[in-house]
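Right, one structure below, let's go through it.
The values are calculated or read from the model by the stated rules, or taken from the named source; none is laboratory data. Keep in mind that what you see is a predicted model, and the values were worked out from it rather than measured. Neighbour counts run over all protein chains shown; Cβ positions are idealised from the backbone, glycine included. In case anyone asks, the SASA skips ligands and DNA or RNA and just uses the protein heavy atoms, side chains included. Shrake-Rupley method; radii C 1.70, N 1.55, O 1.52, S 1.80 Å.
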Amino acid sequence: MFTFLDKNDDIKFMRAAICEAEKAAEAGEIPVGAVIVSHGEIIARAANRRERDGRAIAHAEVLAIDEACIKKGGWRLSDCTLYVTLEPCPMCAGAIINSRIGRVVYGTKDARAGALGSLIDLRSYPLNHKPECTAGVLGDECAAILKKFFGKKR
């Protein structure tokens, strides 16, 4: 399966996801970033690209999962941890479950669309995979990026 990392590793990899979120914000995208880690090494990284690509599914998580599958040479990512700045939506949580990601670490909750505990929890359904989940890693920093972005939009 996957290797549990310690709290310092979670912080280090969440900082990498925050860098991706900042890239998204600079590009005018909702600032969500994601990285996927396998055996202590980042194998995929992505920022939201919905506006740039004109595709509804161009969320950071889905893009990172796609890249990780290509790098690993298959769709099963059970030895991987996904770090993402915002709690995954139902589509992304579905992609996480379908790719068998072993663990998800997210920064801030999403009360409007969060599908790993806030609005709903897809892990509570009788699906074929239930990833481990850690919430709130650098949550204040992740929330601040979103708040700043939407503050500028208004």
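Amide H contacts for R100 (H built 1.01 Å from N in the peptide plane; partners 5 or more residues away or on another chain; cut-off under 5 Å): L77. A simple rule links phi to the HN-Hα coupling: the Karplus curve 6.51 cos²θ - 1.76 cosθ + 1.60 with θ = phi - 60°, which for the stretch 50-59 gives 4, 5, 4, 8, x, 10, 4, 8, 7, 7 Hz, with x for Gly and Pro. Shown here are the Rg and Dmax of the Cα trace of the chain, at 14.1, 45 Å. Between the residues N128, V105, A93, the greatest Cα displacement towards the positive end of the dipole of the chain, with unit charges on the Cβ of Lys, Arg, Asp and Glu, is found for A93.
Can you tally the net charge around Y106? Count Lys and Arg as +1, Asp and Glu as -1, for every other residue whose Cβ sits under 10 Å from the Cβ of Y106.
Net charge in that neighbourhood comes out at -2.
With the simple spin-label model, which puts each label point 7 Å out from Cα in the Cβ direction, the K12 to A113 separation comes to 3.2 nm. For the chain, the fraction of 1.4 Å probe accessible surface lying on carbon and sulfur atoms is 52 percent.
Contact order for the chain, expressed relative to its length and based on alpha carbon pairs under 8 Å spaced 6+ residues apart, stands at 21 percent.
Return one whole number: the accessible area per residue of the chain in Å², for a 1.4 Å probe.
In whole numbers, the chain has 51 Å² accessible per residue.
Phi-derived couplings, Karplus 6.51 cos²θ - 1.76 cosθ + 1.60 at θ = phi - 60°, listed residue by residue for the stretch 24-39: 4, 4, 4, 8, x, 9, 4, x, 10, x, 9, 9, 10, 10, 10, 6 Hz, with x used for Gly and Pro.
Relative to the longest principal axis of the Cα atoms of the chain, the long axis of helix 60-72 lies at roughly 40 degrees. With both residues required to sit in the stretch 2-154, DSSP beta bridges show an antiparallel share near 55%.
In terms of distances greater than 24 angstrom between alpha carbons, the cross-link table entries K71/K109; K71/K147; K72/K148; K109/K152 yield K71/K109; K71/K147; K72/K148.
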